[in-house]
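The values are calculated or read from the model by the stated rules, or taken from the named source; none is laboratory data. Note that the structure is a prediction, hence the values are computed from the model and not measured. Please note: Cβ atoms are built from the backbone with ideal geometry, for glycine as well, and neighbour counts cover all protein chains shown. We work out accessible area using only protein heavy atoms, side chains counted, and drop any ligands, DNA or RNA first. Shrake-Rupley method; radii C 1.70, N 1.55, O 1.52, S 1.80 Å.
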Amino acid sequence: MSRKKNSTFITITLNLFLVITSIVLTLVISEMFFRVYMAIRDPQSFKETRFLSTQTAVALSGSPSQYDAKYGYTYKKNIFLYQSRAIGNRIVVCRAHIKTDEHGNPGDKEGDYASADIKILVFGDSFISYNDLTGGTTMSSVPLQLQKILEKTINKKISVVNFGRGGYGIIQMFELAADVIAVWKPDLVVFAFITDDLGRDRWYWKDDTLNVVPEIATTACDVAILSDPEKSSKLAKLIIKNYYKTTAKLKYPPSIFSSYSFMYSWLKHNDYLYNYRKEHLSGNARLTINSFTQDDAFINALNKINSYKCPYVIVHLSTVNELKEKKEYLFTKEHDRYLLESLAKITGKKIHTTMDNSFQITSTDKIDEMFLLPYDTHPAHKGMVFYGHIISNAIKKEGLLQ
């Protein structure tokens, strides 16, 4: 009886093994045949010239930052850099990207901080740090527009300093503020964040992850270069090629021996190279906690900020998609909602929203004009003025200008 049971078990196990093995072999063979088929059908995609001509990449004329073990990174002092975006064989965007002052803070500033009647520090991510050249002379930013709006509101000299840092999440904003407030001794602090900042983990930005192409500074914004298809194409290829050597860390052109499944990418995304490209693109690490109370370093930073007795306001800035859908928050992950709730609870502060503080936006066209679309969703000059009003209204509601 025992032998019969053992024999049955062995038979079932063997059959199960054979079924699983057959499925695996079928998938592997199918993948192999699919790769060979695509290589025969689309041979140009496996050649460098074609692969580069179908890609898009952003490059800077120099590195804006330097690694910092405590703050993730700091902006370099007194820099002026250009940004260029290439798609295939052409340059589609060329713009002045960032300017920093003697302290490494981004954007132009007006007035003197030391002699100002009211001193304000603004912390945030790239929505705050981003610059937009207006009128060919001024590198505008949300903090600069906030200063102009507030100075029109009250008859006092105001200085607003930009402590926005691209890639920062809520945690790093508060950690930076905990040290900066003690040095700058402001009258008011603003934390301005977008929905994605809630779940961002600390970001350590190193130069080897940047696509730096020095030629951009002297050529990319030259009308003569951009109007010459051959010269423009040459620069575009250089930007994309360098991107896949640095930022994306991706070997090119793709190989039929790649470890990524071409067939799966094709079935799910209708692009057999989708996962091959996507897996190598860098991005912010995400928090795994559901409450900021679970991060001891954040709690220490918050306690330090509270000890200064400096008033602060927290403002949420709705992004272009949120504005178009008329929703304050578009959460990509449910636990970001929990983080938002914990932020309000642990700080004891009201989270001021864009929808509660904005003037009426009547059309999608007007929203589009506020951003650097179609290739960049950061605010343009009009958007910076818009967000300046959002923050200004939040400050007024708190009665902090009195």
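Brief remarks follow.
- Extension gain (nm, one decimal) between GLU369 and THR8, 0.36 nm per residue minus Cα-Cα: 122.8 nm
- Placing +1 on the Cβ of every Lys and Arg and -1 on the Cβ of every Asp and Glu, with no other charges, gives the chain a dipole of roughly 1080 debye about its Cα centre.
- The local environment of ASN78, defined by Cβ-Cβ distances under 10 Å, has a net charge of +1 under the rule Lys, Arg +1 and Asp, Glu -1.
- Relative to the longest principal axis of the Cα atoms of the chain, the long axis of helix 296-307 lies at roughly 10 degrees.
- Diffusion coefficient, µm² s⁻¹, Stokes-Einstein with Kirkwood Rh over alpha-carbon pairs of segment 40-126 at 25 °C and 0.890 mPa s: 149 µm²/s
- For the chain: relative contact order, % (alpha-carbon pairs under 8 angstrom, 6 or more apart): 18 percent
- Pairs with C-alpha atoms separated by more than 30 Å, drawn from the list LYS76/LYS397; LYS245/LYS324; LYS157/LYS324; LYS234/LYS366; LYS245/LYS327; LYS327/LYS396, are LYS76/LYS397; LYS245/LYS324; LYS157/LYS324; LYS234/LYS366; LYS245/LYS327.
- Projecting the Cα atoms of TRP184, CYS310, VAL36 onto the charge dipole of the chain, computed from C-beta unit charges around the Cα centre, puts VAL36 farthest toward the positive end.
- Farthest toward positive dipole pole in the chain [+1 Lys/Arg, -1 Asp/Glu at C-beta], among HIS378, ASN393, SER261: SER261
- The 3J(HN,Hα) values that the Karplus relation (6.51, -1.76, 1.60; θ = phi - 60°) gives for segment 65-77 are, in residue order, 9, 9, 5, 9, 5, 8, 9, x, 5, 10, 6, 6, 8 Hz. Gly and Pro appear as x.
- Net +/- balance of residues flanking LYS304 in space, Cβ distance below 15 Å, scoring K and R +1, D and E -1: -1
- Put simply, when 87-99, 137-149, 312-324 are sorted by average Cβ atoms within 10 angstrom per residue, most first, you get 137-149, 312-324, 87-99.
- Taking all protein chains together, VAL183, VAL385 sort by accessible area into VAL183, VAL385, largest first [probe 1.4 Å].
- Eigenvalues of the alpha-carbon gyration tensor of segment 294-402, scaled by 5 and square-rooted, set the equivalent ellipsoid semi-axes at 28, 18, 12 angstrom, largest first.
- Cα-centre dipole for segment 23-166 with unit charges at Cβ (Lys and Arg positive, Asp and Glu negative), debye to 20: 220 debye
- When all protein chains stay in place and ligands, DNA and RNA are ignored, the 1.4 Å accessible-area order of MET355, MET38, largest first, is MET355, MET38.
- Kirkwood hydrodynamic radius of the chain, from inverse mean 1/r over distinct Cα pairs, in Å: 24.0 Å
- Placing +1 on the Cβ of every Lys and Arg and -1 on the Cβ of every Asp and Glu, with no other charges, gives segment 54-105 a dipole of roughly 180 debye about its Cα centre.
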